[in-house]
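To keep things clear, I will list the structure first and then write my remarks on it.
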Amino acid sequence: MPVGPVTLQLKSVDLRAQRYSVCVYFEDRCIELKDRVLNEVVVFVVSKNGSPLELVATKIVRDQIVGYLEVPSDKQP
């Protein structure tokens, strides 16, 4: 599913432990975020000079996660 500048693919869900694994695709590469927990702030960078992105899953159900991806703005003060 395309989300902002990346595409997310859910790999696995553990409902009992409220954990998930997801693959973040950027420019045909996958950054796998394994065994993450509900409401955990996952920070990752998709390019050398890029700003870090934050992924947070706020709800985990049988075959999907609900949450948000925080993308920093390009504005410099």
- Just from the alpha-carbon atoms, what are the Rg and Dmax of the chain in angstroms? 12.8, 44
- Between V37 and T7, the FRET efficiency computed from the C-beta separation at R0 = 30 Å comes out, to the nearest 0.05, as 0.85
- Which of C30, V61, V45, positive extreme of dipole for the range 17-77 (C-beta unit charges): V61
- Message: Need the full-extension length gain, Q18 to K48, defined as separation in residues times 0.36 nm minus the C-alpha distance. One decimal, nm.
- Response: 7.6 nm
- trypsin sites (Lys or Arg not before Pro) within the range 4-69: DSSP coil, no more than 13 neighbouring Cβ in 10 Å: R16, K48, R62
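Computed from the coordinates by the stated procedures, all read-outs in this text should not be read as laboratory data. Owing to the predicted nature of the structure, the values given are computational and were not obtained by experimental measurement. Neighbour counts are summed over all protein chains in view; Cβ atoms, including those assigned to glycine, are modelled from backbone coordinates with ideal geometry.
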